[in-house]
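This report refers to the structure that appears directly beneath it.
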């Protein structure tokens with residue numbers, strides 16, 4: 001099994017900390033998309049299922065879907081420790097942070113967090129490629145295969161037509177480990193600088209590594225949520241946000257919270273693992289389930305999935321588990337989930353950021369005062385979304401509640 005040095009690929013950190021600088025041109029090993037082996041299917045603009053493949057006129061691998069795999073061959077003469085970079089296009093709509101998994105030879109698949117941009121309304125820039133680091137300090141040798149697997153959870157039906165939010169793919173590049181390489185799109189590409197800020201010993205959150213697992217509420221308003229605000233407000237915070245819109249706790253698909261949790265590097269040093277109590281399970285009518293009296297859990301139920309996550313996090317990372325609820329909205333199903341969460345809190349000694357029962361926030365929900373802090377419901381001009389905050393809602397209403405709980409946990 002190959003070894004890799006753990007590296008930080010948090011979607012928000014390159015934006016929030018330090019100054020970015022332009023990289024000078026340097027030698028690299030280019031693995032061309034035109035030479036890669038492509039398998040799987042995606043959807044065309046009409047929602048018809050088509051084979052994924054390299055489009056010579058566009059110079060990208062296109063029509064990708066959540067079963068598409070791209071295999072690059074490492075050429076002769078290559079041997080050593082490299083950082084792996086991948087060209088990716090833009091996404092049709094904001095949907096998540098984890099688009100691909102990378103497997104070098106027989107190593108464990110690594111799922112990086114990539115700050116993909118979203119294309120314009122006409123999709124005319126969807127094939128504009130940016131360069132992103134997808135793995136670092138990996139031992140590579142000639143003849144090996146590097147497999148890029150598109151991740152599930154990004155294919156959905158809109159208005160009766162199938163669509164996919166996964167970006168097209170270009171070439172792969174191997175740079176000598178530790179090289180300063182500009183990442184991003186076009187003229188905006190720059191070298192991310194390490195977060196060298198000193199931790200504030202008086203601040204319990206400062207200097208901590210926080211993992212966030214969830215769906216659209218965790219993903220946020222065009223990718224901005226309380227995860228980013230917490231990192232902005234406290235020095236030297238490392239944020240890893242694993243979020244895909246529309247996904248659920250219940251383990252009934254490859255994009256469930258349970259399955260995506262198992263993709264996270266088991267060797268990470270984590271100070272707090274924060275999990276969203278998904279509203280998608282409530283709105284999709286998933287079975288609630290019962291608290292287990294053994295060490296076996298039915299993760300196809302909501303409660304079973306929650307126990308599976310708690311048990312796995314505690315045994316794998318030995319860190320505090322923090323579940324958070326959404327703010328109040330009319331839902332008997334979600335109320336039942338909240339009630340079970342507090343039973344699990346007592347059983348497992350976990351922590352809860354309870355926005356649902358927060359007196360101030362609930363009063364704002366019932367009075368409608370909260371509407372200006374929520375996004376507009378999709379497909380409407382001004383109807384408030386009762387579940388998803390906007391950026392201001394995350395900053396001004398949600399983050400202070402999270403900071404209060406996290407400060408107490410991490411002190």
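Tell me, what are the semi-axes, in whole angstrom and largest first, of the equivalent ellipsoid of region 209-410 as set by the roots of 5 times the Cα gyration tensor eigenvalues?
Whole-Å semi-axes of the equivalent ellipsoid: 25, 20, 16.
Relative contact order (percent) for the chain, with alpha-carbon contacts under 8 angstrom and 6 or more residues of separation?
Taking the mean separation of contacting Cα pairs over the length of the chain, I get 15 percent.
Can you compute the helix-only [θ] at 222 nm over the chain? Use -39500 (n - 2.57) per DSSP H run of at least 4 residues, normalise by all residues, nearest 500 deg cm²/dmol. Show your work: numbers first, answer last.
Numbers: 9 runs with 79 residues, N = 411.
Computed mean residue ellipticity for the chain: -5500 deg cm²/dmol.
Counting pairs of alpha carbon atoms under 8 Å apart in space and at least six apart in sequence, what relative contact order in percent does region 163-301 give?
Numbers: 176 pairs, mean separation 30.1, N = 139.
Reported relative contact order: 22 percent.
Using the per-residue mean of other Cβ atoms lying within 10 Å as a proxy for protection, in what order, highest first, do the peptides 399-407, 114-122 fall? Mind showing how you got there, number by number?
On the way: 399-407: 17.8, 114-122: 15.1.
By packing density, highest mean first, the sequence is 399-407, 114-122.
Taking the DSSP beta bridges in the chain as the whole, what percent of them are antiparallel, to the nearest 5?
75
Here are some values of Rg and Dmax of the Cα atoms in Å: [x] 22.8, 79; [y] 21.3, 68; [z] 20.2, 66. Which one was computed from this structure?
The value matching this structure is [y].
Which FRET efficiency value, to the nearest 0.05, is calculated for residue 45 and residue 67 with the Förster distance at 22 angstrom and r the Cβ-Cβ distance?
Approximately 0.70, to the nearest 0.05.
What's the FRET efficiency of residue 139 with residue 180 using the Cβ-Cβ distance as r and R₀ = 22 Å, to the nearest 0.05? Mind dumping the intermediate values first?
Working: r = 21 Å, r/R0 = 0.94.
With R0 = 22 Å, the Cβ-Cβ based efficiency is 0.60.
Taking every pair of alpha-carbon atoms in region 13-188, what share in percent sits in each 10 Å bin, from 0 to the bin with the longest distance?
Distribution as computed: 10, 39, 36, 14, 2, 0 percent.
For a protection proxy built on the mean count of beta-carbon atoms within 10 angstrom, sort 260-269, 154-163 highest first, please.
Order by mean packing, descending: 260-269, 154-163.
Using R₀ = 25 Å, calculate the FRET efficiency as 1/(1 + (r/R₀)^6) where r is the Cβ-Cβ separation of residue 58 and residue 161; round to 0.05.
Working from the Cβ atoms, E equals 0.70.
Highest mean first, what order results for 203-216, 291-304 on Cβ atoms within 10 Å?
203-216, 291-304
Which distance in nm do the two modelled labels at residue 79 and residue 372 give, with both placed 7 Å along the Cα-to-Cβ direction?
6.7
Relative contact order for region 209-410: what percent, with Cα pairs under 8 Å and sequence separation of 6 or more?
So the answer I get is 21 percent.
Values in this text are rule-based calculations from the coordinates and carry no lab data. Quick caveat, the model's predicted, so the values are computed rather than measured. Don't worry about glycine lacking a Cβ; one is built from the backbone with ideal geometry, like all the others, and counts go over all protein chains shown.
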